[in-house]
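Reviewing the structure listed below.
FYI, it's all coordinate maths here, none of it is from the lab. Because the structure is a prediction, the values reported are computed rather than measured. Cβ atoms come from the backbone with ideal geometry, glycine included; neighbour counts cover every protein chain shown.
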Amino acid sequence: MAADLPEYYFRVRENGAFVFRVDTENRQRRIEMDQIAVINIKNGEVKPQGDRELSEQDMQVISDWVAERTALLARRDIDDIHRTIDHLNLTAHWANSRATDDQLEDVTDALLLAMHDLRSVLVRKKSDRLTKDA
């Protein structure tokens, strides 16, 4: 089992991760995780833990993880938008075919405001792209 474990472990948090070095080569043959750094993906900051200095290998592994994580989050973002489109279509069908008057009364204003806000942003961004291309 110890041979299958990675040398580094990343505990994901909202804006990055805690980075641990995994050690199985100890007398007790236990898995030990030594925190070596904290990563903030939003600003690209990597803070070594305590007085530790990160090796080139540490920084390369961290850099590779940040690149993979950033790409994964970008794929998730666009997937969430495609799911939102599906939910809007399902909501339209629900409102048209199954919603009661009380249910519609409960959600109509919030939906209309959210859709108006979204439409305004999309139209402005589309206009910006068209004028930039022209």
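Data overview
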{"read-out": "Longest exposed-site-free window of the chain, the sites being trypsin sites (Lys or Arg not before Pro) in a DSSP loop that have at most 13 other C-beta atoms within 10 Å", "value": "43-97"}
{"read-out": "Residue 68 paired with residue 86, simple spin-label distance in nm, labels 7 Å along Cα-to-beta-carbon", "value": "2.6 nm"}
{"read-out": "Computed over the range 7-134: relative contact order in percent, which uses C-alpha pairs under 8 Å that are six or more apart", "value": "11 percent"}
{"read-out": "Cβ charges +1 (Lys, Arg) and -1 (Asp, Glu), total dipole of the chain, debye", "value": "280 debye"}
